[in-house]
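The values are calculated or read from the model by the stated rules, or taken from the named source; none is laboratory data. Model, not experiment: these values are computed from the prediction. Cβ placement follows ideal geometry from the backbone for every residue including glycine, while neighbour counts extend to all protein chains displayed. All accessible areas refer to the heavy atoms of the entire protein, side chains included, with ligands and DNA or RNA removed. Shrake-Rupley method; radii C 1.70, N 1.55, O 1.52, S 1.80 Å.
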Amino acid sequence: MSKNNNYKLSADWSIDSHISSLDKYNELYNESIQDPVGFWSRIAKRISWYKPWNKVRDFDFEKAKIKWFENGKLNVSYNCLDRHVESGDGDKTAIIWEGNNPSEDKKFTYTELLFEVKKLANVLKKLGVEKGDRVCIYMQMIPELSIAMLACSRIGAVHSIVFGAFSADSLRDRINDSSCKILITQDTGVRGKKDNIPMKENADSALFDTPSIKSVVVVKRTGVDVNMVEGRDVWWHEEMNIADDRCDPVHMDAEDPLFILYTSGSTGKPKGVLHTTGGYLVYVSFSHHIIFDYKDGDIYWCTADIGWITGHSYIVYGPLSNCATTIMFEGVPNYPDYGRFWDIVDKYEVNQFYTAPTALRALMKEGNSWVKSRNLDSLRILGTVGEPIKEPEWKWYYEIVGKGRCPIIDTWWQTETGGVLITPLPAATPTKPGSATLPFFGIHPVLMSDDGKEIEGNDVQGLLAIKTSWPGQMRTIYGDHQRFIDTYFSQFPGYYFTGDGAKRDGDGYYWITGRVDDVLNISGHRIGTAEVEGAIGKTNGVAEAAVVGFSHDIKGQGMYAFVTLMTGVDSSNKIRENIIQSVVKEIGPHAKPDNIQFSPALPKTRSGKIMRRILRKVAEGDHDNMGDISTLADPLVVANLISDSAQV
Ligand code: 7RM
């Protein structure tokens, strides 16, 4: 990368930033790597503990054993609420909720939020929820979702949030995998032009086959008539009306589970990523404070959905543990029009804005007038997450949205990592469009070669792994520790393997190149190809399917499905429609393929393995250099794939 691609900040930036220069970053980074125990024991004191830990860190990646702050006792909801009220910040706004409809909004002070959380905690207790029980939450972006998370953490229940676009089948599988006792949902949802998302109805279909669920708590969001099952379903507002507002937080062990969040991998069913209490809270609190340079009074907005890890860590737990004002937005960037994000920024005078490259690309395409007609002077920091950001949208974000005044903070991390691992710091790190730059404190990234050796030096490329543990790291896959070991610690024994490839440039900056496994990143949504193939395979008449990604202007990656039909079954629009319906039913509308190509055969090796490399080339329309196809059982398949692709 050429040096003149560097974006340096003007000097006034460093005046009162938490990390004010690259030298300060280097100093603290070196300390965090050389003395992790000293470093993290100091940082951990930023949150409140009932009882201190007796061991800061204990990990063994070979056995996938990870523990932080052992025997320390704390409570997450206490740290996110009571603590601030007790220190006189009760009247400060905790959550600003902006509805899908611009005329609908709501604010909760810390005192008000605590009041709601205590009452809901009592509702859950009354329904039989005890410490360690799993509670499934299936909701849209409404304040009750955050209240539900905090209420669970108050009584030591483990929440498992299922993103509101997932289908009934997905919801059912997730509930069963962690045998949740309670489901919290809402009548129907509104999002963009969709004003009747059937949340309760989906929940009801899922609940036909979820023996562990004892009760369902239903929030009245829209007032649409929904079916309530006698003896099982209760209304949120009715229970809250009669609930006691006193509820002491349970003293949790640092390593007690806080939540499960399902994420897709390259094989098999989604994995229940388990995060625990102490290390996670320390990590998200500290990283939110430093990376967004959060200061008292700032208005912070992360546009993610709480159904994904970004929302867990950087809408709810990070900001609230820092006594921040965090915005929760129910809607979408293009409703009522393409200026919605910028209207919200001006309405609340947002200081830190955190979004995904896919949203930037979609907005950029609509032209600059939507942005230029707004003020946006309150913005100080612009973050991105979820997928590689390319130079055009980086520059648009920097120049048009930020008017050249705001650093672009490209944060690389994963559901598994709990918080951000590689990122610029606003006043310290000169940025380069497309690079996530340097590791956060305590993070030791390495690039590995295929044969498992660390690649030293700069100007190199390899597989991204992390050498030592950090407090926010996931602890296990719920119910399947062996799968945790196999997925993350077996590729390179002694390292956490991320599944991403990366380059390290001449300045030691990291450039994430994307997944090296069969996981797609579609509009920032992580989707396993194996799951989609399974769903397509359930369609009548389908013999086999293979799904790959291709570059897509807006979504980052698009999804291309190659489908072989059973002998005697002809391709038709009907079967195409059935395939899409099957994916929507099994997973959800966000996992629909963009292209479906019917092909009489898939390219396979003599041992029967599908050569995805070839399918990726066909999907990209890159037909000239198919590489070595000599190991294919039938090399003629390739020519057919190419000629059939013309019809897609
Ligand atoms: C936070 C989140 C994780 C995967 C990860 C990467 C990709 C995320 C960036 C990125 C390039 C980034 N969790 N990814 N952030 N790639 N630059 N700044 O997205 O579990 O849903 O996805 O997303 O491939 O492995 S996630």
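What the table below lists for this structure:
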item: Segment 609-648: trypsin sites (Lys or Arg not before Pro) in DSSP loop, at most 16 other beta carbons within 10 Å; result: K609
item: Accessible area per residue in Å² at 1.4 Å probe, computed on segment 187-255; result: 55
item: Rounded accessible area of S523 (nearest 10 Å², 1.4 Å probe); result: 40
item: Residue pairs, from the table K193/K347; K269/K585; K106/K347, whose Cα atoms sit over 18 Å apart; result: K193/K347
item: Cβ-derived FRET efficiency at R0 30 Å, E399 paired with R616, nearest 0.05; result: 0.35
item: Mean separation of Cα contacts under 8 Å (6+ apart) over length of segment 111-220, as relative contact order %; result: 28
item: Label zone at T111 (point 7 Å along Cα-to-Cβ), backbone N below 18 Å, segment 244-268; result: 245-247
item: Solvent accessible area, Å² - K119, 1.4 Å probe, full protein context; result: 30
item: For segment 512-648: rounded, prolate or oblate by the Cα gyration tensor [a/c cutoff 1.5]; result: oblate
item: Stokes-Einstein D for segment 259-345, Kirkwood Rh over Cα pairs, 10 °C, 1.306 mPa s (µm²/s); result: 110
item: Segments 564-572, 220-228, 419-427, 337-345 sorted - mean Cβ within 10 Å per residue, highest first; result: 419-427, 337-345, 220-228, 564-572
item: About the Cα centre, charge dipole magnitude for the chain (Lys/Arg +1, Asp/Glu -1 at Cβ), debye; result: 340
item: Contour minus Cα-Cα distance for Y50 and Q482 (0.36 nm per residue); result: 152.2 nm
item: Projected label distance in nm at R232 and S205, using a 7 Å step from Cα toward the beta-carbon; result: 1.5
item: Antiparallel %, DSSP beta bridges [both residues in the chain], to 5; result: 60
item: Accessible surface of the chain, 1.4 Å probe, proportion on carbon and sulfur as whole %; result: 48
item: FRET E, pair F59, N176, Förster distance 35 Å, beta-carbon r, rounded to 0.05; result: 0.70
item: 20 °C / 1.002 mPa s Stokes-Einstein diffusion coefficient of the chain, Kirkwood radius on C-alpha pairs, µm²/s; result: 84
item: Net length gained if the chain between Q581 and K365 were fully extended (0.36 nm per residue, minus Cα distance); result: 74.8 nm
item: Options T411, V401, V385, ranked by Cα towards positive dipole end of segment 367-420, top entry (Cβ charges); result: V401
item: Centroid-to-centroid separation of segment 299-318 and segment 150-216 [C-alpha atoms, Å]; result: 19
item: Three-way shape call for segment 214-319 based on the alpha-carbon gyration tensor, with the a/c threshold at 1.5; result: prolate
item: Calculated FRET value between D89 and E130, using beta carbons and R₀ = 51 Å, to 0.05; result: 0.95
item: Estimated [θ] at 222 nm from DSSP helical runs (n ≥ 4, -39500 (n - 2.57)) normalised by residues in the chain, nearest 500; result: -7500 deg cm²/dmol
item: Nitroxide proxy distance, nm - points 7 Å out along Cα→Cβ at A601 and D644; result: 1.1
item: Where labels lie 7 Å past Cα in the beta-carbon direction, separation of E454 and S630 in nm; result: 3.8
